[in-house]
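Data block below; observations after.
The values are calculated or read from the model by the stated rules, or taken from the named source; none is laboratory data. Computed from a prediction, not measured in an experiment: that's the story for all the values here. Positions of Cβ are backbone-derived with ideal geometry, glycine not excepted, and every protein chain shown enters the neighbour counts. These accessible areas exclude ligands, DNA and RNA; they are computed on the full protein's heavy atoms, side chains included. Shrake-Rupley method; radii C 1.70, N 1.55, O 1.52, S 1.80 Å.
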Amino acid sequence: MTAKRTASFCLAALAALAVLPAAAAAQTPPAPVAGAPGLRYEIWVELDPAAKMLLGREEIVWTNPTRDAVPDMLLHLYWNAFKNEASAFMREAAAEAGDRAAVDPQDDGWGWIDVTDIRLADGSDLKPAFAYVNPDGPETAGDQTVARVLFPTPVRPGESVRLRIEFKAKAPRTVARSGYYKDSFFLGQWYPKPGVYEEGKGWNCHAYHRSSEFFADFADFVVHITVPKGYVVGSSGKAGESRADDSARTTTTTYRQAMVHDFAWMADPRYLKIERDFIADREVTASEYRETADLLGLPVEEVRLPDVKMTLLIAPEHKGQIERHFRALRAAIKYYGLWYGPYPYETVTMVDPPYRTGSGGMEYPTLFTAGTRVLANRDVLDPEGVIVHEFGHGYWYGLAANNEFEAAWLDEGFNTYSTGRVMARAYGPGAIPLVFKGIPLSSVLRVPKIFDFETSRVAAIHAVRTDPVTAWSWEFFDSMSYSMNVYMRAATLLGTLENLLGDPLWSRIMRTYHMRFRFRHPTKADFVAVVNEISGRDMTWFFDELLEGTQAFDYGVESLASVEVPARLRGVFDKDGAREVWTDEKIEVVEDAAAKSPGSGPPARSYRTTVALKRYGEARLGGDAKVEVVVRFADGSAETRTWDGRDRWTRLEFVKPVKAVSAQIDPRGVWLIDENLANNSRSTDGLRRNVVKLMTRFLFGVQCVLQFFGSWS
Amino acid sequence: MGIFKAISGGLGTTFRKPRLVVILYVVNLAFALAAAAPFLAIVQKELGHSLAGLSVQPVDPMWIGEAVLGYGRAFPALLAGFVVLGLLYLVLHVFLNGGIVGRLLDREAPASLAAFSADCGRLFWRYVRLFLLSLVFYALTLGVVLKLVSVLFRPISDGAVTEWTPLILSNIHLLIALLLLSVVHMIVDYARIAVVADEERRVLKALRHALTFLKARFFRAWALYLLLVLGTLAGAAVFYAVLKPLGAPGVGLVVAGFFWMQIYVVFRIWTRTLFIAAQAEFYRSHPY
Ligand SMILES: [Zn+2]
């Protein structure tokens, strides 16, 4: 996203603040998928399973969309990440593990890609002007995942350049996302791919890091894939004409897809290929369309979903799970479609990753990989969760195509959050996976069932102090911090924002953001602008404090006490020019007399309840946000107050005829990101049934452990 | 003597001496309370006065997440305390084993406290040596034999075409490990018995007695051992089946659940004495 565009959105946001406090989802009509953007690929590739090689020829047509004269092009050669131990990927993996064997391409299975020839369409040879570069600085010296090619003359604004590239690529053996095992192949990031040219800034083309994904421009792809006869192929895009070459014993199929920014495929001789249709009218009822339209403030016609051709490629040993796969995919197509916008492509291909190719749980445009086990538990929502998640990336990454190197939370965080919503709606909570020696134990041991947002919250509170959510992917402390912040903490923050803004605002924000940035590269600023625009509130503080910050968020109830307010105060008082002394004895005598006088009952009592609230964490509320406090009293009444939470503490006082029984901060659980929910409330009565149960179970656990060890002594 | 007769003899002996189980249970409970105390204190401090205490579950990932965050730094100290108590328990258990085996083998005499403690003291050092020796045995079994099995399995597992192959192999590996452990455990049990039954002061010699005894009737002895294991597992299954409905909300059910769990601990302790008593019956019925 250019600076110019960001500024225009800020202006739009300001205008909206003035006139449109609670807008309907601002729908931008979906861009037609047929439209060719400034990039086109045609690739001819042949798989040689014995040599684990791809032989490819590629034609790239790039049109300069900017006002810059562009002298060169930067190309990703991702498979060189697996070429040797000098690559950024390998070095970062080894450094984090403290062990060079952390990533070990077994069987000497190094992967690499060589550009053997590169020329312009007129035949002029660019190979002499082709060299590896290190755009991420000297730390990545030796890395060969980015190459630069210098054009004979700069490409002027609006001009196109046509490149003809020949390449040879050796598949890696099970490292990350791509690989082979025996005669199974999963092939992602397999061809030379230009970075994204940003006006005034040049090519955005980072090295392939251990903790980073990808970034590319929308393009039209035509890919001719040649494999040995009998191989089952799954691919991005829509399969077109196919022809067999009997002498070479190969089959070549052409796949086409417009407006996608990547292209992946798989090939395996054993695989089952099953096709089904997502028929929108069968999946979504009229009332669901109406509810969605009302929620989003859009006409029903705009929320209608199209039909989609679903293809599943699955290993024969997972045949029994075919229906589980399709059910999850149908739920994902339905809910992502209803909430964020209709799925714009004709096809989606779901790949059960080939065994030991290390390619599970990964997204590519119109194709994704899931992953399951031969013994899969019904109560554990796996592979469902991964299917929903990876399909969801078709929206967050595939369509709203943020830079995954620099702002991974914009797809992983949004998508983890969205996955949780779909899973909760379609399935409810899932059992925590517990597998021992490949045997699922979750049902047998009755492990608890939890929602995704709960898992995310636990990770989020542990990750908050390590890194901001918005760090660049390879600049996180380690890959654990990367995933816990980018996926789970970001998802928890989006969940918090949802609770805070509520529906219909929240749904309209998400819809507007998605539809406005479909087929574009949104940034954090774009999302913040949409939040502010649609909510009519300035929520910038939320992102600054909670996304960029690394401070813990923790509000709680420090103390709760109710003391009787004395009917009379003791001491010496001035009254009508005289002095009056009130002692305990005198007060008692007067109260007794009053109680005995005819017509009066016992003296009315009143209690002063004091609730001390504290901000235990460093993170603070901002803007117009407040945290709610509810105090409940012995007579069943309740009082609700709010606190802006800026100071370290505040004290609330209530005078009532009864004592308080409890005080609770954030009773509706808005602040998911709060790291200690136990301190959010205090009640005056002690030991609780569930606490005792927890204690007895723990004691029993310890007794059993001791008894077990004792029996070996 | 048949193995069923050995079991019924063992049952008779253990029923005649319930005091042994009581002693072991009291020690178990005391140590468990001491080891669990810091954790119970944390639970009470965090949840005792919080409304979260109303909904917390025995295994509550959300609360566990919070507790790990809040007390993570204290965790090594808590763990160290736990390990120290565990080691003390182990030593004490070796000591008590003397009394248990001594009294169980003295079939007709009552398990008086005086006789029990006398046996504990008399057999302590022998049982310490036997325990140390058993550690060597376990290490050999787990370390060497299982490593060998792993090496044997690796090429098959590495060449697998589907997940089934490594899954099956690793479960076979586990089964072999469990069977080997049961054999070593049984041998050590017979050595413990031989120390008392044969009045053997040298544990190596007692071990030789046990091995000679087992050599002649290994499979019958092993069947006896595995039958006892099966009985223990059946007891555990009953325990969990009954515990499930006791997990429902209700104060009475929490109390009932607590007592049911304690009954199970007593059952486990009793089965341990039954192992010794039944195997002792079997051992003494085959003089060599
Ligand atoms: Zn993801």
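Within region A:430-446, does at least one residue satisfy the condition of being of a type in the set (Val, Ile, Thr), crowded, with 21+ Cβ neighbours inside 10 Å and more than 13 Å from the ligand (Cβ to nearest atom)?
No, every residue in region A:430-446 fails to be of a type in the set (Val, Ile, Thr), crowded, with 21+ Cβ neighbours inside 10 Å and more than 13 Å from the ligand (Cβ to nearest atom).
Do we find that B:Gly102 is closer than 26 Å to B:Phe131 by Cβ and either more than 9 Å from chain A (Cβ to nearest Cβ) or not hydroxyl-bearing (Ser, Thr, Tyr) (or both) in this structure?
yes
Can you confirm whether B:Leu29 is of a type in the set (A, V, I, L, M), open to solvent by less than 20 Å² (accessible area, probe 1.4 Å) and closer than 19 Å to B:Phe258 by Cα?
The answer is no for B:Leu29.
For a quick check of your reading of the model, give me the residue pairs whose first member lies in region A:392-409 and is farther than 18 Å from A:Ile333 by Cα and in contact (Cβ under 8 Å) with a residue 24 or more places away in the chain, whose second is within 11 Å of the ligand (Cβ to nearest atom) and not small (Gly, Ala, Ser), with beta-carbon atoms closer than 7 Å and at least 6 apart or on different chains.
These pairs meet every condition: A:Asn402/A:Asp411; A:Glu404/A:Glu213; A:Glu404/A:Tyr397; A:Glu404/A:Asp411; A:Ala408/A:Glu213; A:Ala408/A:Val486; A:Trp409/A:Val486.
Taking the criterion of being out of contact with any Asp or Glu (no Cβ under 9 Å at 6 or more places or on another chain), open to solvent by 40 Å² or more (accessible area, probe 1.4 Å) and among the hydroxyl-bearing types (Ser, Thr, Tyr), would at least one residue in region A:244-256 satisfy it?
yes
Quick check: anything in region B:234-251 modelled with pLDDT of 95 or more and either surrounded by 21 or more Cβ atoms within 10 Å (Cβ to Cβ) or closer than 23 Å to B:Ala111 by Cα (or both)?
Checked against the condition, which is being modelled with pLDDT of 95 or more and either surrounded by 21 or more Cβ atoms within 10 Å (Cβ to Cβ) or closer than 23 Å to B:Ala111 by Cα (or both), region B:234-251 yields no hits at all.
Of all residues in region A:473-486, which are open to solvent by 40 Å² or more (accessible area, probe 1.4 Å) and under 20 Å from A:Cys205 (Cα atoms)?
Residues satisfying the conditions are A:Trp474, A:Glu475.
Go over the candidates A:Ser242, A:Ser287 one by one and state the one that is closer than 29 Å to A:Glu58 by Cβ, small (Gly, Ala, Ser) and modelled with pLDDT of 95 or more.
When all the criteria are applied, what remains is A:Ser242.
Just checking, does region A:451-472 include any residue being crowded, with 23+ Cβ neighbours inside 10 Å, part of a helix (DSSP H, G or I), away from every other protein chain (no Cβ under 14 Å) and within 14 Å of the ligand (Cβ to nearest atom)?
no
Quick check on my filter: what residues within region A:422-450 are among the basic types (Lys, Arg) and at the interface with chain B (Cβ under 8 Å from one of its Cβ atoms)?
Answer for region A:422-450, where residues must be among the basic types (Lys, Arg) and at the interface with chain B (Cβ under 8 Å from one of its Cβ atoms): A:Lys437, A:Arg446.
Is there a residue being within 13 Å of chain A (Cβ to nearest Cβ), touching a residue at least 12 places away in the same chain (Cβ under 8 Å) and in a loop (DSSP other than H, G, I, E, B) anywhere in region B:50-63? Spell out the reasoning first.
Taking region B:50-63 as the starting set, the residues that turn out to be within 13 Å of chain A (Cβ to nearest Cβ) are B:50-63.
Checking the rest, the ones that are also touching a residue at least 12 places away in the same chain (Cβ under 8 Å) come to B:58, B:63.
Imposing the further condition that a residue be in a loop (DSSP other than H, G, I, E, B) reduces the set to B:58.
Yes.
Limited to region A:651-679, what total is found for residues that are under 22 Å from B:Pro249 (Cβ atoms) and either of a type outside the set (Val, Ile, Thr) or within 8 Å of another protein chain (Cβ to nearest Cβ) (or both)?
6
Here are some conditions: (1) within 14 Å of chain B (Cβ to nearest Cβ); (2) over 38 Å from the mean Cα position of the chain (by Cα); (3) free of Cβ contacts under 8 Å to residues at least 60 places away in the same chain; (4) surrounded by 14 or more Cβ atoms within 10 Å (Cβ to Cβ). A:Lys693 meets all but one. Which one does it not meet?
Status for A:Lys693: all satisfied but (2).
Please find, within region A:617-644, the residue that is farthest from A:Arg465 (Cα to Cα) out of those that are among the hydroxyl-bearing types (Ser, Thr, Tyr) and in a strand (DSSP E or B).
A:Thr640
Looking only at residues in region A:91-127 that are open to solvent by less than 10 Å² (accessible area, probe 1.4 Å) and not β-branched (Val, Ile, Thr), which one is modelled with the lowest pLDDT?
Among residues in region A:91-127 that are open to solvent by less than 10 Å² (accessible area, probe 1.4 Å) and not β-branched (Val, Ile, Thr), the one modelled with the lowest pLDDT is A:Pro105.
If A:Pro353 satisfies all but one of (1) of a type outside the set (S, T, N, Q); (2) within 16 Å of the ligand (Cβ to nearest atom); (3) open to solvent by less than 10 Å² (accessible area, probe 1.4 Å), what's the number of the condition it fails?
(3)
A:Ala424 is checked against (1) more than 11 Å from the ligand (Cβ to nearest atom); (2) assigned to a loop (DSSP other than H, G, I, E, B) and fails just one. What number does that condition carry?
Unmet condition: (2).
List every residue pair whose Cβ atoms sit under 6 Å apart, with the two residues 6 or more apart in sequence or on different chains, where the first one lies in region A:173-195 and is without any contact (Cβ under 8 Å) to a residue 24 or more places away in the chain and open to solvent by 10 Å² or more (accessible area, probe 1.4 Å) and the second, anywhere, is hydroxyl-bearing (Ser, Thr, Tyr) and not in a loop (DSSP other than H, G, I, E, B).
Pairs that qualify, where the first residue is without any contact (Cβ under 8 Å) to a residue 24 or more places away in the chain and open to solvent by 10 Å² or more (accessible area, probe 1.4 Å) and the partner is hydroxyl-bearing (Ser, Thr, Tyr) and not in a loop (DSSP other than H, G, I, E, B): there are none.
Select from region A:373-400 the residues that are hydrophobic (A, V, I, L, M, F, W, C) and within 14 Å of the ligand (Cβ to nearest atom) and write down the one among them that is surrounded by the fewest Cβ atoms within 10 Å (Cβ to Cβ).
A:Val386
Answer yes if at least one residue in region B:262-276 is in contact with a Pro (Cβ under 9 Å, 6 or more places away or on another chain) and more than 9 Å from chain A (Cβ to nearest Cβ), and no otherwise.
Within region B:262-276, one or more residues are in contact with a Pro (Cβ under 9 Å, 6 or more places away or on another chain) and more than 9 Å from chain A (Cβ to nearest Cβ).
Give the residues of region A:403-419 that are within 12 Å of the ligand (Cβ to nearest atom) and either open to solvent by less than 10 Å² (accessible area, probe 1.4 Å) or within 14 Å of another protein chain (Cβ to nearest Cβ) (or both), sorted by residue number. Give the derivation first.
From region A:403-419, those within 12 Å of the ligand (Cβ to nearest atom) are A:404, A:408-419; that's our starting set.
Listed by number, the residues that qualify are A:Glu404, A:Ala408, A:Trp409, A:Leu410, A:Asp411, A:Glu412, A:Gly413, A:Phe414, A:Asn415, A:Ser418, A:Thr419.
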